[in-house]
Every structure is written in structure tokens, then in C-alpha cells.
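Trainee: This is the structure I want to talk about, given as C-alpha cells.
The values are calculated or read from the model by the stated rules, or taken from the named source; none is laboratory data. Note that the coordinates shown come from a computational prediction; the quantities given were computed from them, not determined experimentally. Here the Cβ is made from the backbone with ideal geometry for all residues, glycine too, and neighbour counts use every protein chain on show.
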Amino acid sequence: MTTLTEDTKSFSLKDFEDIDAVFEIEGDDMRTHRGRSVVAVAVEGRRHFLKRFWFDSHQPFKRNVARGFHELRMIDWLARNRFLGPKVVQRGSGRAGPFSTRMFFLMREMPDEKPLETAWRLNQKDTASLLDDLSKLAATLHDAGFCHTDFSERHIFVGGSNGSRTFRLIDVERALVNGANEKQRAGDLATLAASVMDERLSDAIRTRVVDGYIHARKTLPASVDFRSLFEKAKPTRLF
């Protein structure tokens with residue numbers, strides 16, 4: 001994680017009002033692919049993440065900009081339905097030419113929250129309650145119609161503590177709303193289990209979390225053997 005220093009250039013939100021200027025901004029490169037990049041930048045003294053999408057002539061059939069707009073829709077859906085997603089503080093889009101569009105959004109880091117892969121280590125005494133809260137989170141999300149499809153420990157941030165714990169979902173560009181089936185929902189939990197390197201925790205997800213999830217689900221059809229679906233489910237990516 002990059003630490004802000006006195007030498008770090010700090011931008012203001014006004015610097016993100018012009019899309020041409022936004023695409024000239026340099027930051028600490030975190031992840032860059034053809035047609036998409038994420039950089040860390042300082043904005044008004046706080047760490048932010050700038051996510052940009054653009055048309056790439058080498059990959060004309062990869063709809064990078066469409067994926068960016070989809071991710072924003074998923075972020076907005078989470079907010080409307082009282083779930084925590086990325087804290088978007090600025091967004092914009094515009095044409096880069098007659099046949100291409102660019103778009104971006106700027107997200108504020110929440111410094112009091114830790115990725116789940118870190119929270120496991122910091123809250124070893126609360127592991128049982130953390131597992132139970134995760135099962136409730138997954139059940140509530142799925143009951144509401146949201147399926148992450150990349151539900152890994154890297155994409156879940158934890159805040160607060162037992163009794164007042166919060167979860168924030170990030171990287172929701174592949175998420176589905178009201179379009180997932182129970183097999184895909186089982187894939188969310190299979191992905192979570194596969195993403196955890198600690199075998200004890202991974203086993204606990206396969207047992208305690210899945211059992212708690214099944215108990216907490218309100219819209220799970222009685223005819224569905226979710227445990228069987230989970231055991232057959234494949235993670236959405238390799239870890």
C-alpha cells in the first residue's frame with residue numbers, strides 16, 4: 001500500500017471535472033490492462049483510486065468502457081439497497097473521437113477498513129463471528145438479487161468489529177443483479193473458499209459459512225439442494 005508523503009502530488013476534485021485532464025493524470029500504477037487502468041492518487045490529502053476505461057484498437061471487441069459503466073451501475077445499486085460498495089466521489093465520460101468513448105470514476109480509500117485477507121489475521125479471536133457475519137452478508141446479497149461473481153477475500157473489506165461489523169464490496173464489474181441462478185450463487189461461495197489460502201478458514205467456509213448461509217437465505221427454494229450445488233460449483237477464477 002502506498003503511503004502519502006509531503007512529496008506526493010495532491011489533486012483537488014476540480015482536477016477531475018475535465019475528462020481530457022483526467023486521462024493525463026499520473027499516479028501509482030496498481031493494475032493496467034488494455035483499455036483499463038487503476039492508479040492510486042492523492043486527492044485533497046487523502047488516498048483515492050482512479051479507475052479509467054477506454055476503447056483499445058488492439059482489442060476492438062472487448063467492451064472496456066461498457067464494463068466501466070456496468071461497474072458504476074452495480075456500485076449505485078449497492079448504495080440504493082443499503083450495501084457498501086466503493087465510495088465514488090467523482091465520475092465522468094466523454095468522446096475521445098468519432099467512434100470511441102472514455103469513462104472514469106474516482107474512489108476514496110476508507111482507511112479504517114481492511115481487506116478480508118488481512119482481517120482474518122487481525123481478528124483471530126473473532127474468527128467465528130466473522131465467519132457467521134460473512135454467511136449473513138452472502139445470504140442477504142443473494143436474497144436482494146445481487147451476485148458478485150468474483151466474491152473473493154480480496155474484494156471484501158471489513159470495518160468495525162464484532163457487533164458492529166461492516167462489509168464493503170469492491171471490483172463489482174462482473175456482478176449480476178436479478179440475473180443470477182442458484183448455481184452462480186453457489187459459485188460465489190466456492191470462489192470465497194478457494195480464495196482463502198489458510199486451509200482451516202477455507203474448510204470453515206465450506207462448512208460453517210455455507211450452513212449459516214443456507215439457514216439465513218429467505219428466497220432459497222425448498223426444492224434446491226444448495227449444499228450439493230456448492231460442492232459441484234467451480235470458483236469464478238483461479239487463485
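Trainee: Could you count how many residues in region 111-135 are farther than 30 Å from ASP203 by Cβ and buried (at least 16 other Cβ atoms within 10 Å of the Cβ)? Steps first, answer last, please.
Mentor: Residues of region 111-135 that are farther than 30 Å from ASP203 by Cβ, as a first pass: 111.
Those still in the list that are buried (at least 16 other Cβ atoms within 10 Å of the Cβ) too: none.
Summing the residues that are farther than 30 Å from ASP203 by Cβ and buried (at least 16 other Cβ atoms within 10 Å of the Cβ) in region 111-135 gives 0.
Trainee: Just to be sure I understand, how many residues within region 190-234 are closer than 20 Å to ALA119 by Cβ, without any contact (Cβ under 8 Å) to a residue 12 or more places away in the chain and charged (D, E, K, R)?
Mentor: Total meeting the criteria: 3.
Trainee: Specify which of the listed residues (ALA186, ALA180, ALA222, ALA204) is outside any strand (DSSP E or B) and buried (at least 20 other Cβ atoms within 10 Å of the Cβ).
Mentor: Details: ALA180 fails: buried (at least 20 other Cβ atoms within 10 Å of the Cβ); ALA222 fails: buried (at least 20 other Cβ atoms within 10 Å of the Cβ); ALA204 fails: buried (at least 20 other Cβ atoms within 10 Å of the Cβ).
Unique residue meeting the criteria: ALA186.
Trainee: For the structure I just gave you, tell me whether GLY92 is part of a strand (DSSP E or B) and under 25 Å from SER12 (Cα atoms).
Mentor: Yes; evaluated as a whole, the condition is true for this residue.
Trainee: Starting from residues that are in a loop (DSSP other than H, G, I, E, B) and surrounded by 14 or more Cβ atoms within 10 Å (Cβ to Cβ), keep the ones in region 226-239 and report whichever is modelled with the lowest pLDDT. Talk me through it step by step, then tell me what you get.
Mentor: Step one: of region 226-239, the residues in a loop (DSSP other than H, G, I, E, B) are 233-239.
Cutting the leftovers down to surrounded by 14 or more Cβ atoms within 10 Å (Cβ to Cβ) gives us 233, 235-236.
Details: ALA233: 96, PRO235: 94, THR236: 86.
By that ranking, first place goes to THR236.
Trainee: While we're looking at this one, here's another question. Any chance region 212-219 includes a residue that's assigned by TED's automatic domain parsing to the domain that holds THR127, in contact with a strand residue (DSSP E or B) (Cβ under 6 Å, 6 or more places away or on another chain), in a helix (DSSP H, G or I) and not hydroxyl-bearing (Ser, Thr, Tyr)?
Mentor: Residues of region 212-219 assigned by TED's automatic domain parsing to the domain that holds THR127: 212-219.
Checking which are in contact with a strand residue (DSSP E or B) (Cβ under 6 Å, 6 or more places away or on another chain) leaves us with none.
For region 212-219, residues assigned by TED's automatic domain parsing to the domain that holds THR127, in contact with a strand residue (DSSP E or B) (Cβ under 6 Å, 6 or more places away or on another chain), in a helix (DSSP H, G or I) and not hydroxyl-bearing (Ser, Thr, Tyr): absent.
Trainee: For region 1-34, which positions are surrounded by 11 or more Cβ atoms within 10 Å (Cβ to Cβ), at pLDDT 85 or above and in a loop (DSSP other than H, G, I, E, B)?
Mentor: Residues of region 1-34 that are surrounded by 11 or more Cβ atoms within 10 Å (Cβ to Cβ), as a first pass: 2, 4, 8, 10-11, 13, 15-19, 21-23, 25, 27-28, 30-34.
This time we only want the ones that are at pLDDT 85 or above, so: 10-11, 13, 15-19, 21-23, 25, 27-28, 30.
Result: GLU17, ASP18, PHE23, ILE25, GLY27.
Trainee: If I filter region 158-179 down to residues being in contact (Cβ under 8 Å) with a residue 60 or more places away in the chain and among the hydrophobic types (A, V, I, L, M, F, W, C), which single residue comes out as farthest from PHE226 (Cα to Cα)?
Mentor: Of everything passing the filter in region 158-179, ILE170 is farthest from PHE226 (Cα to Cα).
Trainee: Is one or more of the residues making up region 52-64 assigned to a helix (DSSP H, G or I) and either surrounded by 14 or more Cβ atoms within 10 Å (Cβ to Cβ) or in the same structural domain as ALA144 (by TED's automatic domain parsing) (or both)?
Mentor: Taking region 52-64 as the starting set, the residues that turn out to be assigned to a helix (DSSP H, G or I) are 64.
Imposing the further condition that a residue be either surrounded by 14 or more Cβ atoms within 10 Å (Cβ to Cβ) or in the same structural domain as ALA144 (by TED's automatic domain parsing) (or both) reduces the set to 64.
Scanning region 52-64 turns up at least one residue that is assigned to a helix (DSSP H, G or I) and either surrounded by 14 or more Cβ atoms within 10 Å (Cβ to Cβ) or in the same structural domain as ALA144 (by TED's automatic domain parsing) (or both).
Trainee: Given the options PHE55, PHE49, PHE83, name the one that is at pLDDT below 95 and not small (Gly, Ala, Ser).
Mentor: Numbers: PHE49 fails: at pLDDT below 95; PHE83 fails: at pLDDT below 95.
PHE55 is the lone residue from the list that is at pLDDT below 95 and not small (Gly, Ala, Ser).
Trainee: Just checking, how many residues over region 114-173 are within 26 Å of PHE53 (Cα to Cα) and acidic (Asp, Glu)?
Mentor: Residues flagged as within 26 Å of PHE53 (Cα to Cα) and acidic (Asp, Glu) within region 114-173 amount to 4.
Trainee: Look through ARG174, ARG154 and report the one residue that is under 30 Å from VAL65 (Cβ atoms) and not in a loop (DSSP other than H, G, I, E, B).
Mentor: Matching residue, one of ARG174, ARG154: ARG154.
Trainee: Mind checking which residues of region 209-239 are over 23 Å from the mean Cα position of the chain (by Cα) and among the charged types (D, E, K, R)?
Mentor: ASP211, LYS218, ASP225, ARG227, GLU231, LYS232
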